[in-house]
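The values are calculated or read from the model by the stated rules, or taken from the named source; none is laboratory data. All values reported here derive from a predicted model rather than from experimental measurement. With ideal geometry, Cβ positions are generated from the backbone for all residues, glycine too; neighbour counts draw on all protein chains shown.
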Ligand code: AMP
Ligand code: ZN
């Protein structure tokens, strides 16, 4: 869509527009140019993954356009970049007839299937060898888009293939779908194109974490997240989901007068790319003969997990359109295309029993023990059932047949049970009323979905707390892993956190599997952990809602850890980033006598309870707040944070008006979106940050 000369021109135009930010007349004359610049940068960011300006600069351009359009509403055009967002709530999705039916694909699972399909295709076409275009089979929700006179006119779900639901408004929220595209350049007046909407793995993970945080059941896979998101009635929520769209098919073309001929599928993908769509031009492969295709499929499957999004196979298409026409279609699928499905990441199994595990905060999680099944290269034997709501919603009973999924690197998940396969022997899952470890009666605050064991001294909680205490991001005591902690606890050596610092090494020496070397290493690691800075200790205590970032702010705000015990709820909330929930949790923790005793004991054992505050040197970032999001390339996240702190700056844990700088790495998600809406936040990329730090 943008050619090298355009790129240069648009870059310069962007700069010039920014320079004239206060010159209303200039902007009025240039309003279409301003839109072009914004479309250009959106394309660089969302389609090419290769932005050419800083996010702050982009935001400034966008705000200029918003300002000029709100002062002169008559200038607004439907394909203005401002017209994506905000607008609207769909009461009920209308039915949308597809211009041509959306067919399914024939499936293949191995080389023989492909050879057989190729044999038939050659026979029908009368050729000895065919040229094929291969592309990923994107595992998302399929969509169909209609453009009329270069404008995005309507978008729909697949539905039953003949008609789907009109989700135009929601699709406008997806930045890789252009609101206008110059099809007329190719002599095309009306076109229907097909593609797939997906949520990438990283956004999916964040999305699920958010659900779990709210005690809502997580989703099985990014596909469900994508298709669910498309059917949300409030478009502004859809906008926040960071969906992406790949366009892979030209389904219907209406031309009038002169038009450019598009001879093949691969050329059509190139045209779509040229028009600003994210078509798989970089992912596709054009090959001659089925043997090359088979080889390609095999090697590609191994690389499946390297992609940032899920695919469930490859699609092989006869490349020449004239041959596609010759081969035609059945009522179900085209004969010129076939899906090569990768090994399933689903399997069926049986629920043998449910165990209830007690976590470090006492939360009781039901865990399904299933008949072990291999899925995607690992054997799955136990799967979290999250909470009672999840079990009810999925109607899961002991003895049930289950469909289990393990998508990519995602944790295994129970997709559904098969009530139709029940024998009558199945048993309902009953939640214990008492802790399975210490028998204390469980409690469940009304607003929560999780039952808890309220006994702090519960063995399960004690062990889990010690595991957390010694973990890598906490006190980082290497050599004292889960298994040893459990063993030493059973032997009565680890009763609580302070006992970690009083291990009987003489006795451990006599145990099997402990050589002199490993004992020295362990005792050194324990000794060294006493010097860990206060924020690590705070994180290690496992206070609910207090993670690493909050621990850092707390450590910055006190002289000594026990100062917290003297602070009121209000005082606690005055700390940066500490809201009601966090403050209450800290308050609770320090109200307990046992906790105070533990802390005193740790101090007498030599642990660091004083905050070694970086002396207020009037560092040049004094009073400034920072937050990092996405993946940094040149610096490690921890390194970058230390640079900020060393200069007197502070790290926050979330986007709020208290934030001064958001530093954005690759694949940044919701934080960036949120920050864009707060004008006072400066958004920098990694390069900008490094420059700032000198
Ligand atoms: P299935 O649902 O298994 O019959 O597979 C057909 C579906 O695969 C189509 O309806 C599309 O939604 C989806 N699909 C994903 N990627 C592609 C692709 N590159 N070409 C064609 N269809 C695709
Ligand atoms: Zn208990």
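Descriptive notes on the structure:
- Scan of the range 378-402 for residues that are within 25 Å of residue 203 (Cβ to Cβ) and either part of a helix (DSSP H, G or I) or within 16 Å of ligand 1 (Cβ to nearest atom) (or both), ordered by number: 389, 390, 393, 394
- Any chance residue 262 is within 18 Å of residue 339 (Cβ to Cβ) and not in a helix (DSSP H, G or I): no
- Residue satisfying condition, being at pLDDT 90 or above, surrounded by fewer than 20 Cβ atoms within 10 Å (Cβ to Cβ) and not in a strand (DSSP E or B), within set 175, 185, 202: 185
- Scan of the range 330-366 for residues that are within 25 Å of the chain's Cα centre (by Cα), more than 16 Å from ligand 2 (Cβ to nearest atom) and outside any loop (DSSP other than H, G, I, E, B), ordered by number: 341, 346, 347
- Cβ-Cβ contacts under 6 Å between residues 6 or more apart (or on different chains), taken from a first residue in the range 229-257 that is part of a strand (DSSP E or B) to a second residue that is away from ligand 1 (no atom under 16 Å from the Cβ), are listed as 234/89; 253/188; 253/191; 254/189; 254/190; 255/187; 255/188.
- Among the candidates 36, 50, 79, the residue that is closer than 19 Å to residue 177 by Cα, touching a helix residue (DSSP H, G or I) at 6+ places or on another chain (Cβ under 7 Å) and not in a helix (DSSP H, G or I) is uniquely 50.
- Subset of the range 425-450 [under 22 Å from residue 400 (Cβ atoms), part of a loop (DSSP other than H, G, I, E, B) and more than 11 Å from ligand 2 (Cβ to nearest atom)]: 425, 426, 429, 430, 431, 449
- When 95, 90 are checked against the criterion of being touching a strand residue (DSSP E or B) at 6+ places or on another chain (Cβ under 7 Å) and over 30 Å from residue 628 (Cβ atoms), a single residue qualifies: 95.
- From the options 89, 40, residue that is exposed (fewer than 13 other Cβ atoms within 10 Å of the Cβ) and touching a residue at least 12 places away in the same chain (Cβ under 8 Å): 89
- Qualifying residue in the range 330-347 (condition: at positive phi, modelled with pLDDT under 95 and exposed (fewer than 15 other Cβ atoms within 10 Å of the Cβ)): no
Residue-wise test of (1) out of contact with any helix residue (DSSP H, G or I) (no Cβ under 9 Å at 6 or more places or on another chain); (2) modelled with pLDDT under 95.
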position	(1), (2)
255	no, yes
285	no, no
300	yes, yes
311	no, yes
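- Scanning the range 419-453 for residues that are over 11 Å from residue 364 (Cβ atoms), surrounded by fewer than 12 Cβ atoms within 10 Å (Cβ to Cβ) and within 36 Å of the chain's Cα centre (by Cα) yields 420, 428, 430, 445, 446, 447.
- Taken over the range 556-569, the residue count meeting the criterion of being in a helix (DSSP H, G or I) and either in contact (Cβ under 8 Å) with a residue 12 or more places away in the chain or surrounded by 15 or more Cβ atoms within 10 Å (Cβ to Cβ) (or both) is 8.
- In the range 112-139, of all residues being more than 31 Å from the chain's Cα centre (by Cα) and part of a strand (DSSP E or B), the one that is nearest to ligand 1 (Cβ to nearest atom) corresponds to 132.
- Residue check for residue 47: more than 29 Å from residue 247 (Cβ to Cβ) and within 33 Å of the chain's Cα centre (by Cα): no
- Members of the range 140-155 that are within 15 Å of ligand 1 (Cβ to nearest atom) and within 25 Å of residue 321 (Cα to Cα): 142, 143, 144, 145, 155
- Any hit, the range 376-393, residues being at pLDDT 95 or above, in contact with a helix residue (DSSP H, G or I) (Cβ under 9 Å, 6 or more places away or on another chain) and more than 16 Å from ligand 2 (Cβ to nearest atom): no
- Residue in the range 550-564 that is within 27 Å of residue 458 (Cα to Cα) and over 37 Å from the mean Cα position of the chain (by Cα) present: yes
- Scanning the range 355-377 for residues that are farther than 30 Å from residue 450 by Cβ, within 16 Å of ligand 1 (Cβ to nearest atom) and out of contact with any strand residue (DSSP E or B) (no Cβ under 6 Å at 6 or more places or on another chain) turns up nothing.
- Any chance residue 230 is away from ligand 2 (no atom under 16 Å from the Cβ) and touching a strand residue (DSSP E or B) at 6+ places or on another chain (Cβ under 7 Å): yes
- Residue in the range 403-417 that is nearest to ligand 2 (Cβ to nearest atom), counting only those that are surrounded by 12 or more Cβ atoms within 10 Å (Cβ to Cβ) and assigned to a loop (DSSP other than H, G, I, E, B): 411
- Unmet criterion (only one of (1) surrounded by fewer than 18 Cβ atoms within 10 Å (Cβ to Cβ); (2) away from ligand 1 (no atom under 13 Å from the Cβ)) for residue 323: (1)
- Output for the range 270-282, where each listed residue is surrounded by fewer than 22 Cβ atoms within 10 Å (Cβ to Cβ) and farther than 14 Å from residue 245 by Cα: 270, 271, 274, 282
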